[in-house]
1. Which of the aspartates and glutamates could be linked to B:K115 by a straight reach, that is with a Cα gap under 15 Å, when you skip same-chain ones fewer than 8 residues away?
2. Given 10 Å bins starting at zero, what is the percent of C-alpha pairs of the range B:25-115 in each, up to the one with the largest pair distance?
3. If you restrict to DSSP beta bridges whose two residues both lie in chain B, what percentage is antiparallel, to the nearest 5?
4. Could you tell me which of rounded, prolate or oblate describes the range A:1-118, using a ≥ b ≥ c as the square roots of the eigenvalues of the alpha-carbon gyration tensor, with rounded for a/c under 1.5 and, failing that, prolate when a/b is larger than b/c and oblate otherwise?
5. Compute for the range B:466-512: radius of gyration divided by Kirkwood radius, i.e. Rg/Rh, restricted to C-alpha atoms, rounded to two decimals.
6. If the limit is 20 Å between Cα atoms, which of B:K444/B:K611; B:K340/B:K419; B:K84/B:K529 go over it?
7. Taking R0 as 22 Å, what FRET efficiency do you get between B:A377 and B:T327 from their Cβ-Cβ distance, rounded to the nearest 0.05?
8. Please rank B:R653, B:R607, B:R646, fewest neighbouring Cβ atoms within 10 Å first, as an exposure proxy.
Amino acid sequence: MKAKHQRLILALVALGGVAGAGVLAASALRDEAAYFRTPAEVKAGKAEVGEAMRLGGMVAAGSIKRQSDGVTIRFTATDGKASIPVQFTGIVPDLFAENAGMVADGRLRADGVFVADRILAKHDERYMPPQMGEMPKNMKLVPGE
Amino acid sequence: MIAELGLALLWIAAALACLSLVAGIAYVRTGKDDLAALVRPASVAQGVLTAVAFLLLITLFVRSDMSVELVVRNSHSLKPMLFKVAGAWGNHEGSMLLWLTILGLSGALVAIFEKRLRNDTLIATLAAQAALSLGFFAFLLFSSNPFKRLPVAPPDGQGLNPLLQDPGLAFHPPTLYIGYVGISVAFSFAVGALITREIGPAFARAMRPWVLGSWIFLTLGITAGSYWAYYELGWGGWWFWDPVENVSLIPWLAGAALLHSVSVTATRNALRAWTVMLAVIAFSMSMVGTFIVRSGLLTSVHSFAVDPERGTFLLALMFIYIGGALTLFAFRAGAVAEGKKFALLSREGSLVINNLLLTTILALVLLGTLYPIVAEAMGEKISVGPPYYNKVAGPLALILCLVMVTGPLLSWRKDDGKKLWSRLPVAVLAAMIVLFGLVLFGGKVGVLPLLGMTVAGLVGVASLAPLWGRNLRRTPLPTWGMVIAHFGVAVALAGMGAESAFIKERLVAAAPGETVTVADFSVKFAGVKPIVGPNYTAIEGTLIATTPSGASFTLHPAARTFPGLMGGPPTETNEAALLTRPGGQLYAVLGQPVTGADGTADRYQLRLWWKPLVWWIWLGGALIAIGAALSLLGRAQLLEIWRARRARKAQERFA
């Protein structure tokens with residue numbers, strides 16, 4: 001095989017590989033990227049039932065209720081404009097508290113309850129919500145499952 | 001006085017970097033030797049002075065000098081000594097100074113020890129290194145002075161984020177930084193060699209130890225960081241695909257590719273342009289990483305020190321360095337590209353495939369990390385999480401492992417396919433045994449973990465093949481290094497596969513005296529008691545785990561409360577308890593107290609995991625680092641240099 005042919009083959013292999021990876025990435029991004037929604041957006045119908053997404057908001061004061069099994073909680077996530085009931089089974093992160101910011105990974109159930117399979121809490125005691133409409137960009141998240 | 005002295009030293013060091021840069025450029029243009037004679041001592045002095053300034057900063061932290069703003073913001077007089085010292089670099093300004101110290105010291109090392117390069121390439125390399133330092137000096141001196149005094153000293157400091165109060169984390173950032181800086185030295189070598197057009201085996205051999213060294217530290221940093229996140233955050237996972245984790249993984253991937261391509265350049269004088277390009281990419285990726293972490297562009301578990309001004313500064317630096325290097329590359333690539341020829345089926349060929357796969361994985365991880373930013377600019381808030389990464393990186397990583405199986409068995413330049421097959425049967429048999437074993441007895445196992453464990457069996461056996469039929473004592477250290485590192489990959493892969501396939505989990509609210517079973521353990525919750533630490537209080541649970549054979553072990557998961565400093569609210573952290581057994585780890589987390597219907601809090605949330613072979617993941621990481629270290633030792637030829645020196649001295653004595 002001539003060197004020129006070999007280089008051509010290598011270039012084609014590389015090109016095919018890159019194209020394949022591109023297709024893979026595009027499809028994975030389409031299927032797996034989760035939208036980040038606020039309660040108001042969910043209420044406005046921007047979230048489909050059963051679709052993986054992230055819900056960001058504040059934990060409403062006095063809303064945390066523990067279920068009888070001791071490990072499931074219900075609370076209300078709010079952005080000041082709308083509220084969504086959230087259900088979570090697990091141990092919440094250390095900084096999860098009423099009146100504090102939180103982000104929940106999960107899905108919206110048909111009855112309008114957001115079922116979270118992971119809760120992330122804002123990790124900064126100096127945090128003050130600038131506008132309730134949007135979570136600040138620079139929040140640090142701590143996972144809890 | 002200490003703070004002022006530190007700042008003065010930094011200014012002098014910056015001036016010396018300036019001198020190195022100017023004299024270096026002048027020398028490369030004019031060839032006057034007295035200019036070259038300036039560059040080496042200036043580089044050494046710059047490194048030493050920066051290091052002294054850093055030691056002075058540590059001194060300020062050790063003395064808890066509350067007239068210095070940085071100490072007030074990141075320390076407290078009651079903190080344990082280790083964390084006072086670590087506080088010096090556990091923040092933005094200090095970590096930048098640490099970065100510059102390592103950068104300066106490695107420049108000094110290059111100036112003192114590098115003997116393989118032509119003098120003009122060496123001087124150009126040192127000038128490039130000085131140019132890098134200057135950017136960061138400007139950053140430090142103009143926008144983040146670590147020695148800034150306060151007009152009035154407060155009585156005490158604000159403390160360190162309690163999550164960071166952990167020995168593992170005290171050493172984690174320096175480890176990663178040494179890795180990043182090592183890559184930047186490789187970058188300087190590439191720039192130097194591009195300037196003088198000296199790209200060949202000598203250049204590759206000079207660059208290789210820096211690539212190997214930085215990759216060792218990146219490996220250790222990532223492994224340790226993963227273990228820290230695993231036991232400290234209490235969520236039980238070992239990789240979150242968090243942006244900050246990704247930005248340490250991306251340079252690691254680039255470093256792994258560079259490591260392999262620089263070997264080809266060093267031994268076979270091929271892939272020259274690609275090696276140089278990769279050095280530029282690897283450095284760019286560590287800059288991108290620093291930028292993402294420092295600018296607060298992305299939300300993350302670990303990001304700290306967020307400031308838009310700093311982000312802009314870093315972005316500008318990044319454009320200058322990367323843009324400059326790429327422009328230089330575009331002008332010079334034609335002059336260096338030609339190298340030795342090789343067949344597709346050869347060691348070189350497999351290393352090219354390895355490089356393509358590594359860079360593709362790198363690109364996909366980078367894409368996933370940056371996509372949310374782009375999407376947000378277009379008005380959609382999106383998060384890209386583990387499902388994406390597992391889907392794109394998982395399959396490619398497995399293919400990469402297959403290349404790892406065949407690559408080391410191929411000979412340089414040209415090989416033939418039949419011979420390759422004759423070298424593989426034992427490894428294929430091992431993989432088959434694992435596969436059938438899992439399918440028959442493993443129960444329901446996901447496709448990716450199943451393939452992962454099978455490939456781990458294949459790689460585990462095949463990685464030992466290069467030792468087959470050799471005299472083990474005469475086998476060169478770099479070969480040992482490769483074998484151990486590749487075996488480490490197999491070990492880590494087996495750990496990841498087994499953990500995700502066979503993990504067992506229980507989540508309960510348990511009353512004292514209650515027994516919970518998880519996997520083969522029956523775990524008795526004996527109760528909780530309050531304890532007092534040096535600067536926190538805690539509720540500590542006692543768990544007694546019993547195995548079927550009757551052996552019992554005590555675990556103490558705890559929830560710590562740190563008092564709020566400067567009027568802030570208290571902070572809580574969770575201390576998970578780990579029981580390490582040969583077959584895996586039992587991981588226990590104590591959650592919140594549960595109030596019953598009658599208002600008494602006598603139950604506690606408990607989360608128990610049995611994670612089979614989970615510690616193999618970090619063992620594998622350690623083996624990879626050890627393998628790379630052996631390779632580095634073998635390449636450094638310290639023994640040879642020492643012998644040659646002794647021989648020369650003996651000769652001089654007789655002369």
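Just so you know, all these numbers are worked out from the coordinates, no wet-lab data involved. Remember, it's a predicted structure, so these values are computed and weren't measured experimentally. Neighbour counts run over all protein chains shown; Cβ positions are idealised from the backbone, glycine included.
1. Excluding near neighbours in sequence, the set is B:E198, B:E640.
2. 17, 35, 23, 15, 9, 1
3. Taking every DSSP beta bridge with both residues in chain B, the antiparallel ones total about 100 percent.
4. Taking the square roots of the gyration eigenvalues as a ≥ b ≥ c, the range A:1-118 is prolate.
5. 1.41
6. Where the Cα-Cα span goes over 20 Å, the pairs concerned are B:K340/B:K419; B:K84/B:K529.
7. 0.25
8. B:R653, B:R646, B:R607
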